[in-house]
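Peer 1: Sharing a structure, written as structure tokens. Questions coming.
The values are calculated or read from the model by the stated rules, or taken from the named source; none is laboratory data. What you are looking at is a predicted structure, and each value in this text was computed from that prediction instead of being measured. Reconstructed Cβ throughout: ideal geometry from the backbone, glycine too, with neighbour counts over all protein chains shown.
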Amino acid sequence: MKLIIKQYLESLKEREELDAILPDLLSQMGLNVFSRPGRGSRQYGVDVAAVGSIDGGPIKVYLFSIKSGNLNRAAWDGDSNQSLRPSLNEILDVYIPNHLPSEHRDKDIVICICVGGDIQEQVRPQVEGYTNENKRDGLVFEEWNGDKLAELIEKYFLREDLLPKDARPKLRKSLALLDEPEASFRHFSDLITSLSSVEQIIDKQRIMSVRQIYICLWVLFTWSRDEDNLESAYLSSERALLYAWELSKESFTKGSKTDKSIQLAFTAILNLYQLISIQYLSEKILPHTDKRDGLSSAVRSSSPLDVNLKLFDVLGRLAIAGIWSHWNGQMFGKDDKERQEQCLQEIQVITQAIKNLISNNPTLFMPFKDDQTIDISIALLFLSFEDSNENDMAAWLSEILNRSIFSYECDGHFPCILRSYRALLEHPKHGNKDYREEVTSGSILYPTIALWAALLKKEELYVRVRKAKANHFMHCNFQLWYPDETSERHLYTNSDAHGFVLSNVPVDLPVKECLEIIWNECENEEYFNNLSSQKNGLWPLILVACRHYRIPVTPQFTLGYREANKGVDAKIKENEHV
Amino acid sequence: MNDLRLTLLEAQRDGNFLEVVVQSARGEKDNREHVTEELIALHNAGEIDLIDQFIRLHNKKNTGPDFFLTRNLFEKALPHLNAPIQKVMECVAHLVKEAGQDMAANWTLNSFIEHCVADPSRANEALSLIKNDPDQWGDFISPIIVAGTRDDLKYYFAETVNLASHEKIEIRKRAVYALGRINYQHNSELLNEAIDCLEKVVARESDDHLLGNSIKSICSICRPDHSKSGRAIEILNEALAKGGDLALHAASEEFGFNINELPEDLIDIIMHYLMRVNPNNKGTLDNIDYGVLKLLERDDPNSGIEFLENLLLANAESLTLKSFDSAIHGILGSKTNILNKIITRWLLKGDRVLCEGIREILHSIHGNDLVVELDTSELSQAESMQYMFIARKTIGYLFFKPVTCASIIISLMRQTNDLDLVKELGSLLFDPLLLNYSGSLYEYLKSQVDNESGETKTVILSSLREFDSYLEGLKSVGRIPEMFSSQDHRDAHARHLNQLFSEPYKEAMKNSIVNLICTKSLLLYGRKSINYFQHPTSGPQRTELELKNHGTEVEFPRQEHLDPFGLDYMLRLFRAEKQRIT
């Protein structure tokens, strides 16, 4: 196990990555972390600062200066401002005399040279010379290399008695099967489930669980990165995020120290999820969306079904990333203009990427499965943040409808409710009317198109859905999903079916009336607003759950259009009055 | 007494006479004639009753001597045998019946005719038998009339005319048929009487079979004497108008087998009525197919092309060119290159049944795709806006023959000076053709660059460049393991494909020639098989058989994997497109 952790530590590429893990480790060791890594430069050489007792020893102040990988000559005392020796000088010259909190000034100080790998032999004499020269009473230097960190991680996070019995093998299996991402993810999600099955009343256990999930996800991510296959890490990060929220959500409404620790631990997982998502998209997807058939060919399968499934999956991931960028932009607010600008840029890049992805990979013009509407809905939701996308959205939906109906008429690969891959391979069974009706007995695709046609004020498109219903789908229950009172309990862990559907969405009614009925259902119950992620401003989590567990996107997300309409209607009335 | 005679007599005694006869007649032709002569001699000498022997011959698979080979000996002997006519007729009727639906079933009747000709009293006696018991001997009317008229034309002709109005329809049918088989020896008076008789028959009768026989007889009368075609047209018209499938089938036989001897005006009438052929009647379609082939082989194949075209259009929902395999063969083998003419003409018309016909013709060519040069005389009638229509129809129907598609598009590009149109046509070379086929098509276009000039050359080059850049894009994507489908899915897909192909493979293997000429032997290991065969003189012989790789290559359109629906949608659109009528 230690070897696994050591390899993980060694492969942490950026200093920020090692920074991210250390505070949690120290907290778990019982230390009080009073300075965490911020963005930009270090705080006078200190990356992380903590105070407390390790293994029952005296209470000391621990000041960490962190360097990723191995410490070589350049990293010790090179030209870079990230070199270690100047940082240590800063700690001695500036931080300790001037910035160490006054309550800790009377305590012994340990300056920790923290490296993910090892101090290389070529530079060891210089390091030892430096530490011997600068140590004094009440101030010593310690070397925290990969071995020590791995030992501490194993001891404080993954110790046998801290982990469920079968957790270690699950982690090992998920790492061993990275080449087969679905199998790897299966083991990792089992690991998450077992780590999460704690009595949630005991806060300490909850913190421990979230931190364990976090460290395991990190291990998986670094191994995945080395294997150049982030698929398992991506899926696992979604699952980890949702389970971590389930473990943490109660603490977001409270303010105790433990609750704050849990909040921090969850935020760390959210950041890691976003890091994995960004890395996956920026390295694997975004560079190729502008190439005709580029990503479709990358599936390297002779089955069009594989291409279709994979491309809609990628679409959903891109859209979710865009939604998180949008959320990040809102979170940073006007105070952090630089971050806000960065988020805006990300949104623009992802918007263009989605458009390119669709136009260059025509399989995205018709889902094979009805539940791919979930990915379509998330993409539409993201694109709807910008008015200028409306025509593209409508054109895309129009083509989806065209192809789906045409395909149904000529017994092609029309969208169906089948979910099993094997059943989909045999779809469609030509010339079998009963089969056709059976596999289209329900749909979220067509009512979703109707809903968005109504929102985008594309009456002609709405009418085409109505005609399709009348001509081909009288047997089909057009439906939309809403959360119910049990959703909060099951949404983040998919522990049971939940929510309710508006059956037989009345697309035969005029646009406005149909829309009112859909929206009325949003208003009738407060279940959506009572979802913990919604209440705490983390609404993208709902969409992550929808994508991850294949739950339809609720129309509540479109209520913004109603508000906008009300504004327009009021304005019209006002003008009429004048 | 020679050995053969002794053997035959012994066989008669042993009860295996027919087996021994066939055995003795094997080998050289002279041998057969010798056996026949011996059989005649033995029969006429009263040593053996051949009629009695051959009436025991049955057409059963795997038992007894070969039916047709044995019967053939009887047919050769019959004209020279002395035997009571009724007994002969019984034997002949039995042998015809035993032959079943075979094409050669009635050949014995020709020998019977010769038997009757050899002694004119036999025909007379046989005719009496028929009159006394028409139900039993009706099938002999035609051969007896044919035989009788060779001895006494007027008498037997008059008997035929009388029988044509017999109370029993089965007798009338055969008598009407016999009218067409008589050799009138250019006796104009009798010919006119025969036509009179046929006129009355078609006016009076409504039975489909009988009308069919009238058609065959009138055509038979007209074949050697085109001067009678004026009255024949009336008879044909009436018979075909009143008749059904059988009448049409009779006409199709004339069209298929006697088209080069029939007067043109009769052919026109027949072709007119053949338009309403029942597509379920394979035999009729086969006859039409032979007729079309003969029309296409003429110096001017236009009437054949037009007839085929009109026939397909008239039966667009129920008939395809697939039913006319001889015509397809004729089109492909034509020295006047009517293939290019048909392709141009039918693409320009754009009708589904015609365009599918083109596809059918091209699919029957094995090996490399055909390079087509459109027929300029047909193309001269097209407006330049119709060029895109032709190009899109080409892709819609011939997409799976990319080189042929490209050659047609390039051929169109050559025929126009409109630069925008050339570019528009050329864009199809890239999308969808090159986008889907990067093998033989790419090579063809590269080789074609040197043969072209001007804007056509520029556009081909630009398509190739565009495709190169597309390929570059695909290559630059490289390996993205995250995009791969899971092992489970790959396994399931492989199993699905295996199931999908194993059934058709088994079906195909059932009819494979490999099964007929080879025995199967499975080698579990190794690359060679060593066997020992026992040689009659030199003992065991060692043979070594080395296994060779055998394979075939089919280029599959790329979009079938990436966007099958989009591809299908586009092709359907191209196929369904109609010409704008201005």
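Peer 1: Go through the stretch B:553-573 and report how many residues are of a type outside the set (A, V, I, L, M), surrounded by 20 or more Cβ atoms within 10 Å (Cβ to Cβ) and either more than 8 Å from chain A (Cβ to nearest Cβ) or closer than 23 Å to B:L347 by Cβ (or both).
Peer 2: Qualifying residue count, the stretch B:553-573: 2.
Peer 1: Of everything in the stretch A:415-459, what is touching a residue at least 40 places away in the same chain (Cβ under 8 Å), within 14 Å of chain B (Cβ to nearest Cβ), surrounded by 13 or more Cβ atoms within 10 Å (Cβ to Cβ) and not aromatic (F, W, Y)? Give them in sequence order.
Peer 2: A:P415, A:C416, A:L418, A:L424, A:L425, A:H427
Peer 1: Take the conditions in contact with a Ser or Thr (Cβ under 8 Å, 6 or more places away or on another chain) and either over 17 Å from A:P23 (Cβ atoms) or surrounded by 13 or more Cβ atoms within 10 Å (Cβ to Cβ) (or both) and apply them to A:D77. Does it pass? Even if it seems obvious, please write down each step before you answer.
Peer 2: On the way: in contact with a Ser or Thr (Cβ under 8 Å, 6 or more places away or on another chain): yes; either over 17 Å from A:P23 (Cβ atoms) or surrounded by 13 or more Cβ atoms within 10 Å (Cβ to Cβ) (or both): yes.
Taking the combined requirement at face value, the residue satisfies it.
Peer 1: Does the stretch A:464-480 contain any residue that is part of a helix (DSSP H, G or I), within 32 Å of the chain's Cα centre (by Cα), closer than 30 Å to A:A244 by Cα and of a type outside the set (F, W, Y)? Explain how you work it out, then say what you get.
Peer 2: Keep residues of the stretch A:464-480 that are part of a helix (DSSP H, G or I), which gives A:464-471.
Restricting the remaining residues to those that are within 32 Å of the chain's Cα centre (by Cα) gives none.
Taking every residue of the stretch A:464-480 in turn, none turns out to be part of a helix (DSSP H, G or I), within 32 Å of the chain's Cα centre (by Cα), closer than 30 Å to A:A244 by Cα and of a type outside the set (F, W, Y).
Peer 1: In the list A:L235, A:L191, A:L177, which residue meets the criterion of being under 23 Å from A:I262 (Cβ atoms) and in the same structural domain as A:N271 (by TED's automatic domain parsing)? Full working, then the answer.
Peer 2: Details: A:L235 fails: under 23 Å from A:I262 (Cβ atoms); A:L177 fails: under 23 Å from A:I262 (Cβ atoms).
From the options A:L235, A:L191, A:L177, the qualifying one is A:L191.
Peer 1: Within the stretch A:1-40, track down each residue that is farther than 25 Å from A:Q120 by Cα and modelled with pLDDT under 70.
Peer 2: Within the stretch A:1-40, A:G38, A:R39, A:G40 qualify.
Peer 1: Follow-up. Is there a residue being closer than 20 Å to A:L12 by Cα and assigned to a helix (DSSP H, G or I) anywhere in the stretch A:40-57?
Peer 2: No, the stretch A:40-57 has no match at all.
This table checks each residue for (1) within 30 Å of B:E560 (Cα to Cα); (2) away from every other protein chain (no Cβ under 14 Å); (3) of a type in the set (S, T, N, Q).
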site	(1), (2), (3)
A:V299	yes, no, no
A:V307	yes, no, no
A:A319	yes, yes, no
A:S325	no, yes, yes
A:G329	no, yes, no
A:K337	no, yes, no
A:Q342	no, yes, yes
A:Q348	no, yes, yes
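Peer 1: If you don't mind, another one. Confirm whether B:S427 is of a type in the set (S, T, N, Q) and touching a Ser or Thr at 6+ places or on another chain (Cβ under 8 Å).
Peer 2: On the way: of a type in the set (S, T, N, Q): yes; touching a Ser or Thr at 6+ places or on another chain (Cβ under 8 Å): yes.
Yes, satisfied.
Peer 1: Which of (1) in a helix (DSSP H, G or I); (2) surrounded by fewer than 16 Cβ atoms within 10 Å (Cβ to Cβ) is the odd one out, the single condition A:D179 does not satisfy?
Peer 2: (1)
Peer 1: Criterion first (outside any helix (DSSP H, G or I), within 14 Å of chain A (Cβ to nearest Cβ) and over 36 Å from the mean Cα position of the chain (by Cα)) does B:R495 satisfy it? Walk me through it before giving the result.
Peer 2: On the way: outside any helix (DSSP H, G or I): no; within 14 Å of chain A (Cβ to nearest Cβ): yes; over 36 Å from the mean Cα position of the chain (by Cα): yes.
Taking the combined requirement at face value, the residue does not satisfy it.
Peer 1: Scan B:A126, B:A93 and give me the residue that is more than 18 Å from B:Y155 (Cα to Cα) and either in a loop (DSSP other than H, G, I, E, B) or in contact (Cβ under 8 Å) with a residue 40 or more places away in the chain (or both). Reasoning before the result, please.
Peer 2: Numbers: B:A126 fails: more than 18 Å from B:Y155 (Cα to Cα).
Every option except B:A93 fails the conditions.
Peer 1: Of all residues in the stretch B:69-128, count the ones that are on the phi > 0 side of the Ramachandran plot and β-branched (V, I, T). Give the steps one after another, and end with the answer.
Peer 2: The first filter runs over the stretch B:69-128 and keeps only residues on the phi > 0 side of the Ramachandran plot, leaving B:100.
From the residues that got through so far, the ones that are β-branched (V, I, T) too are none.
Count: 0.
Peer 1: Another question, then. Quick check on my filter: what residues within the stretch A:285-297 are more than 7 Å from every other protein chain (Cβ to nearest Cβ) and either more than 17 Å from A:L230 (Cβ to Cβ) or hydroxyl-bearing (S, T, Y) (or both)?
Peer 2: Taking the stretch A:285-297 and keeping what is more than 7 Å from every other protein chain (Cβ to nearest Cβ), we get A:285-287, A:289-290.
Those that are more than 7 Å from every other protein chain (Cβ to nearest Cβ) and either more than 17 Å from A:L230 (Cβ to Cβ) or hydroxyl-bearing (S, T, Y) (or both): A:T289, A:D290.
Peer 1: For the stretch B:7-47, which residues satisfy the criterion of being within 16 Å of B:P65 (Cβ to Cβ) and outside any helix (DSSP H, G or I)?
Peer 2: Taking the stretch B:7-47 and keeping what is within 16 Å of B:P65 (Cβ to Cβ), we get B:7-8, B:11-12, B:14-27, B:31-32, B:35-36, B:39.
Those that are within 16 Å of B:P65 (Cβ to Cβ) and outside any helix (DSSP H, G or I): B:G15, B:N16, B:R26, B:G27.
Peer 1: Still on this structure: Residue check, A:K355 against (1) within 14 Å of another protein chain (Cβ to nearest Cβ); (2) touching a residue at least 24 places away in the same chain (Cβ under 8 Å); (3) of a type outside the set (A, V, I, L, M), all met but one. Which one?
Peer 2: (1)
Peer 1: In the stretch B:440-448, is there at least one residue being surrounded by fewer than 17 Cβ atoms within 10 Å (Cβ to Cβ) and within 27 Å of A:R300 (Cα to Cα)?
Peer 2: Residues of the stretch B:440-448 surrounded by fewer than 17 Cβ atoms within 10 Å (Cβ to Cβ): B:440, B:443, B:446-447.
Filter again for within 27 Å of A:R300 (Cα to Cα), leaving B:440, B:443.
For the stretch B:440-448, residues surrounded by fewer than 17 Cβ atoms within 10 Å (Cβ to Cβ) and within 27 Å of A:R300 (Cα to Cα): present.
Peer 1: May I pose another question? Pairs under 6 Å by beta carbon, first residue at the interface with another protein chain (Cβ under 10 Å from one of its Cβ atoms) in the stretch A:175-193, partner outside any helix (DSSP H, G or I), six or more apart or different chains?
Peer 2: Pairs that qualify, where the first residue is at the interface with another protein chain (Cβ under 10 Å from one of its Cβ atoms) and the partner is outside any helix (DSSP H, G or I), are A:L178/A:N229; A:E182/B:S486; A:A183/A:L177.
Peer 1: Considering each residue of the stretch B:498-517, count those that are part of a loop (DSSP other than H, G, I, E, B) and surrounded by 11 or more Cβ atoms within 10 Å (Cβ to Cβ), and give that number.
Peer 2: Initial filter on the stretch B:498-517 (part of a loop (DSSP other than H, G, I, E, B)): B:511-512.
Then drop every residue that is not surrounded by 11 or more Cβ atoms within 10 Å (Cβ to Cβ), which leaves B:512.
Of the residues in the stretch B:498-517, 1 are part of a loop (DSSP other than H, G, I, E, B) and surrounded by 11 or more Cβ atoms within 10 Å (Cβ to Cβ).
Peer 1: Within the stretch B:338-351, can one find any residue that is in a helix (DSSP H, G or I) and among the hydroxyl-bearing types (S, T, Y)?
Peer 2: Let us first name the residues in the stretch B:338-351 that are in a helix (DSSP H, G or I), namely B:338-349.
Going one step further and asking which of them are among the hydroxyl-bearing types (S, T, Y), we end up with B:344.
Looking through the stretch B:338-351, at least one residue is in a helix (DSSP H, G or I) and among the hydroxyl-bearing types (S, T, Y).
Peer 1: Out of curiosity, is A:E386 under 36 Å from the mean Cα position of the chain (by Cα) and more than 13 Å from chain B (Cβ to nearest Cβ)?
Peer 2: Details: under 36 Å from the mean Cα position of the chain (by Cα): yes; more than 13 Å from chain B (Cβ to nearest Cβ): yes.
Against the criterion (under 36 Å from the mean Cα position of the chain (by Cα) and more than 13 Å from chain B (Cβ to nearest Cβ)), A:E386 qualifies.
Peer 1: Please list, ordered by first then second residue, the pairs with beta carbon atoms under 6 Å, 6 or more apart or interchain, first in the stretch A:215-238 and closer than 16 Å to A:I153 by Cα and more than 14 Å from chain B (Cβ to nearest Cβ), second small (G, A, S) and not in a helix (DSSP H, G or I).
Peer 2: A:T222/A:S11
Peer 1: So, in the stretch A:84-110, how many residues would count as being in contact with a Ser or Thr (Cβ under 7 Å, 6 or more places away or on another chain) and closer than 24 Å to A:K6 by Cα? Walk me through it before giving the result.
Peer 2: So the first thing to find is which residues in the stretch A:84-110 are in contact with a Ser or Thr (Cβ under 7 Å, 6 or more places away or on another chain), and the list is A:84, A:87-88, A:91.
Add one more test, that the residue is closer than 24 Å to A:K6 by Cα, and what stays is A:84.
The qualifying residues number 1.
Peer 1: Going through the stretch A:463-492 one residue at a time, which ones are in contact with a Phe, Trp or Tyr (Cβ under 7 Å, 6 or more places away or on another chain) and either of a type in the set (K, R) or buried (at least 18 other Cβ atoms within 10 Å of the Cβ) (or both)?
Peer 2: Here is the first cut: in the stretch A:463-492, the residues in contact with a Phe, Trp or Tyr (Cβ under 7 Å, 6 or more places away or on another chain) are A:465, A:468-469, A:472-473, A:478, A:482-485, A:487, A:492.
Hits for the stretch A:463-492 are A:V465, A:A468, A:K469, A:H472, A:F473, A:F478, A:Y482, A:P483, A:S487, A:Y492.
Peer 1: Mind telling me which of the residues B:L332, B:L313, B:L370 ends up being assigned to a helix (DSSP H, G or I) and over 20 Å from the mean Cα position of the chain (by Cα)?
Peer 2: Values: B:L332 fails: over 20 Å from the mean Cα position of the chain (by Cα); B:L370 fails: assigned to a helix (DSSP H, G or I).
When all the criteria are applied, what remains is B:L313.
Peer 1: Scan the stretch B:463-483 for residues that are in a helix (DSSP H, G or I), surrounded by 15 or more Cβ atoms within 10 Å (Cβ to Cβ) and facing chain A (nearest Cβ under 9 Å) and jot them down.
Peer 2: B:Y470, B:G473, B:L474, B:V477, B:P481, B:E482, B:M483 - these are the residues of the stretch B:463-483 that are in a helix (DSSP H, G or I), surrounded by 15 or more Cβ atoms within 10 Å (Cβ to Cβ) and facing chain A (nearest Cβ under 9 Å).
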